[in-house]
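The values are calculated or read from the model by the stated rules, or taken from the named source; none is laboratory data. Bear in mind that the values here come from a model prediction, so they are computed numbers and not experimental data. So basically every Cβ, Gly included, is an ideal-geometry build from the backbone, and we count neighbours across all protein chains shown.
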Amino acid sequence: MKKNLVLTGMMGVGKTTIGKKLADKLKAKFVDIDRIIELQEKSTIRSIFENKGEEYFRKIEKKISLTELKKNNLVIALGGGAFINLSIRKEVKSSCVSFWLDLDPKFLIRRLKNVKKRPLLDPKNLGQSINKIYSERKKIYSESDFRIKCSSMEKYEIIDKIKKLYENTNN
Ligand code: S3P
């Protein structure tokens, strides 16, 4: 049985795109926690934040993340804030191989211009809100098993690197 491969890091780093490709290569199933939340709640992440609040979202996020993390042989893209939760972080650290996709905030700002899907970002102060969240979280993200510095890497290089590290750790 294979340990789950977990991707964490800021919104906009490419956890979903990279996770899908990695799952194909590793012949594993891909799980995107945000998508499961949306399906279960029959609502978008933005509407959940607007109608029920962040606290409610975090509760659902914790429940769904822990359920998926306890399975095996998955590539899991966590939501950007999930690793901040202590229970989720403990489960990831004890049973999975985790990767922090780290991208310089200046690149995140470019990628996150369309903020409609991201309720935590203030469109009027995009740079400021991204920098603030990044500096609050980077110490926690760094508790991942591996930090992948994505700023000067092509997508295929990131995927190859993670695949190799995972295979070396997990075999
Ligand atoms: C969040 C990131 C989002 C989503 C929610 C909160 C965060 O996921 O879970 O908007 O706290 O960073 P992505 O990282 O997939 O955008």
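Applying a threshold of 6 Å to beta carbon distances and a minimum spacing of six or more residues, or different chains, the list of pairs starting in the stretch 56-70 at a residue that is over 17 Å from Leu7 (Cβ atoms) and aliphatic (A, V, I, L, M) and ending at one that is surrounded by 16 or more Cβ atoms within 10 Å (Cβ to Cβ) and modelled with pLDDT of 95 or more reads Ile60/Ile37. Determine whether the stretch 33-40 contains at least one residue that is more than 26 Å from Cys150 (Cβ to Cβ) and either in contact with a Ser or Thr (Cβ under 9 Å, 6 or more places away or on another chain) or assigned to a helix (DSSP H, G or I) (or both). Within the stretch 33-40, one or more residues are more than 26 Å from Cys150 (Cβ to Cβ) and either in contact with a Ser or Thr (Cβ under 9 Å, 6 or more places away or on another chain) or assigned to a helix (DSSP H, G or I) (or both).
Return only the number of the condition from (1) of a type in the set (Val, Ile, Thr); (2) assigned to a loop (DSSP other than H, G, I, E, B); (3) at pLDDT below 95 that Val13 does not satisfy. Single failed check for Val13: (3).
The helices (runs of 4 or more DSSP H) located wholly in the stretch 66-147 that include 3 or more residues which are at pLDDT below 95 and under 25 Å from Lys21 (Cα atoms) occupy 105-111. Restricting Lys90, Lys20 to residues that are more than 12 Å from the ligand (Cβ to nearest atom), of a type in the set (Lys, Arg) and more than 28 Å from Tyr156 (Cβ to Cβ) narrows the list to Lys90. Do you know which of the residues in the stretch 36-49 that are within 19 Å of Leu69 (Cα to Cα) and in contact (Cβ under 8 Å) with a residue 12 or more places away in the chain is farthest from the ligand (Cβ to nearest atom)? Residue satisfying both the conditions and the ranking: Gln40. Screening Ser43 on (1) surrounded by 15 or more Cβ atoms within 10 Å (Cβ to Cβ); (2) over 19 Å from Lys116 (Cβ atoms); (3) not β-branched (Val, Ile, Thr) shows it passes everything except condition (2).
State all residues of the stretch 1-20 that are among the hydroxyl-bearing types (Ser, Thr, Tyr) and surrounded by fewer than 23 Cβ atoms within 10 Å (Cβ to Cβ); if no residue qualifies, say none. Residues satisfying the conditions are Thr16, Thr17.
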